[in-house]
1. Please list log₁₀ I(q)/I(0) at q = 0.09, 0.13 Å⁻¹ for segment 126-371, using the Debye equation with identical point scatterers on the alpha-carbon positions.
2. Can you give me the long-range amide H partners of Ala580? Hydrogens built in the peptide plane at 1.01 Å from N, cutoff under 5 Å, separation of 5 or more residues or another chain.
3. Given N residues in segment 531-737, what is Rg(Cα) / (2.2 N^0.38 Å)?
4. From the Cα gyration tensor of segment 579-629, with a ≥ b ≥ c the square roots of its eigenvalues, which class applies: rounded if a/c is under 1.5, or else prolate if a/b is larger than b/c, or else oblate?
5. Calculate the FRET efficiency for Asp494 and Leu717 from the Cβ-Cβ distance with a Förster distance of 35 Å, rounded to the nearest 0.05.
6. Order 396-406, 207-217, 178-188 from most to least packed using the mean count of other Cβ atoms within 10 Å.
7. Given Cβ point charges of +1 (Lys, Arg) and -1 (Asp, Glu) and nothing else, what value in debye, to the nearest 20, does the dipole of segment 126-371 about its Cα centre take?
8. I need to check one value: relative contact order of segment 531-737, counting alpha carbon pairs closer than 8 Å and at least 6 residues apart, in percent.
Amino acid sequence: MAISPWSRGTIVIIALVAVSAATYVAIALAAPASDVTTAPRADSPQQVDDKPDMPATSEELIAAALKAGENTYEESLLPRAFINYGDLRVEPHFRNPIEMSSAIGRARRVAMASPVQASSASQPHWENRLVPGTNVRIWIIGTQRDLDRYELMVKNVWGVFKNFFPYPMPDDGTKDSDINVDDAIDFYFVRFDTIDPRLPACQGNSVDLELCTLGADAGVTHEAPPALGNTSSGFALINIDYPPNVIYDTIAHELAHVAQCQYALDEMKPMWFKESTATWVAYKVMKQLGEVPSVAYEWLKHSGSSPIFARRPAAPLTEFFETLHLTLGMPWNQYGSWLFFYYLSMEKGDGIVRSIWQKAAQTPGADGIKAIKEVIPLDYHFPRFTVRNWNQDSVPNQYKTQDDTFTPGLKPGSTRTIDESGPYIKELHGGTLALAADYYLFKFQAATRKVTFNKLPTESNAHVWAIKKIGTEWKEPEDWTGEEYKDFCRDWQDEDLTNLVIIVSNSDLTAPLQRESKVRIIADAVGCQYVKGWAKATLHVKDDIQDVRYTSSRVNLIFRPRDPAYQDMEGNTQYDLMPALVTWTAAGTVHDCTISGQILVTIPSFLNQPVDPSRPAYGYFNVVGMFTGGGDYHSIEVSAVNPEAAFTKTCPGDPPTVTKHFFPGTYLLNIPWQANSYDGDKIVYKGNKQYDQGKLHDFMKLLPPGTQLPQIALDALSRTLSATGSSLYTWEWELRPLTSPQTGGP
Ligand SMILES: [Zn+2]
């Protein structure tokens, strides 16, 4: 017989050892001991065997482990329960693989210490049958009748399997063999303590029970010849001590592993890639067969029917929705990562996993995630996957949309909730791990009147998505990756941001985001509602030669808050006037001439622009909040001049002389300081002021009480305010914050 690569005596296989249906761990199964020691196994069960003073009973073992601090008391309860009930089936698939495998191993080892299992026992008799319509041969230690139920399961799984993954390659069985009689894939249906009939390392008189029995594992797949290149066939053991639903699922899961062997199943294909996709295949197979894929669901959230596990503090680490902030496919979520492939299959169809495996096989050095990146744009899909994992009603096309048995109520467990009264500036912590997402939920209290989102430039792998709740309504997620900032004026119905979810994800394969990649959320106590009201003015110019009164109309004013980037004075809220229309009416005399008529002044809007006093018409409003010392006042400046327009000057004569008379004034309002008023708890900006341009004393009245101007300013003022006669402005105004959107002019 030709020597196959399997005979070389080096690494026999990389096997996929399922600790249970839900907690599989990786074990490198190899002939040389050195390979065993490099296995990615958290515990070292062999050490237990090697101890010369190994306790004799299970209780002693458990007590010893507890004493040594290896297990917590709580952890020790589980194997105690196993032994007490004499049944390894008690909740075995609800365990944390990292923490529990040690205890399970010990419990199992004790169970194995029974005379029935002596290695000198005679060879068991294996019944077998080729499942019609498949290329699977099933085996059991028992009778043909014992195979019936498994035949049906295998037949059903095989029937739909090709919809999700290619069938495995045939193996190299021969009629000479007792346990591999043809090229069909062999599935051995075994008890927890049955010695593996196929692995060469398990055929001697002294075998490693950890390697050669399933114990609490639900199943295992080993590679098998023929090896073509570095592809192969395989065989599987299925633990029949599990409930039928788990056995069914395990058949599909292990068949997927056997099929994976045709794709250069080597160390370049990471364990998470194998396990997550096999879990996905089993999920799809179960769904198509009309079964509830409870094993896949268990990886997302442990069901309430596992009381021992559900109460264990360490449990969340193996629930996928608790590990979304950790890198996809790491040991703690390598099975739960099936959800990523479910996401992809929702987007790309059920052929996507097959395509990725084919790509992985074709592309040298392409491990799982690199192959995924070759097949789909990860920068596009990964952030959307993290948004779908928000998994709440505002997210369109949820998992439950396609799967009506999908576990309800799953949410990202690592979500950080910020529920504080403002004002505050929160910098999100940055440093999001590779292929992970951080979730933040902001709940804004009534005192927060304005919310600003501000993102500093970030790396290309950083993605930011947001989900807004406006009033009581959640909105669909939005991609804010390209946004530098956004602001929400909560006094506006359509900007009343009550909650905000921020999802920061990182689509890089290895590197965390930089800590400097900051997203800031600013909660302001000062609102930014529009301010609306009216103003009117008169200018009375009187001196030796004239006596003219210029009276404005009662002008409607709407001020719009500047966008946050232009709110450049801390503690102030600055506003620009929306377009307004002023009519000035003149009445009076100059010498013996009469002044009359009206002029119109259209005030344009200069939004978010610096105040430019050289403009003839503009309006600016500034509110200084209460929280700045000496604040709680406003300033308002509305210039209302039309250089083109003139009044009529009619001088006596025959006929009378009619000429233009230009408006000598400037301001509809010019109020540098006015204390804010309150109507109950609502703010009102109003006042009534007189100001004679010729009088220094009047100017001081416009300033805050007690203002001391420096002498140099006083000197300057006394020079400019030296006009004879009087130019008396009378200003009256009243403005209030708008509580509903209004953007039109007066
Ligand atoms: Zn597996």
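Here, each number is a calculation from the coordinates, and none is a lab measurement. Note that the structure is predicted; figures quoted are calculated from it, not measured. With ideal geometry, Cβ positions are generated from the backbone for all residues, glycine too; neighbour counts draw on all protein chains shown.
1. Here the Debye-derived log intensity ratios amount to -0.38, -0.82.
2. Ile603
3. Normalised Rg, Cα atoms only: 1.11.
4. Prolate is the answer for segment 579-629, as a/c is 1.5 or above and a/b outweighs b/c.
5. With a Förster radius of 35 Å, E is 0.15.
6. By packing density, highest mean first, the sequence is 207-217, 178-188, 396-406.
7. Its charge dipole is roughly 840 debye.
8. This gives 22 percent for segment 531-737.
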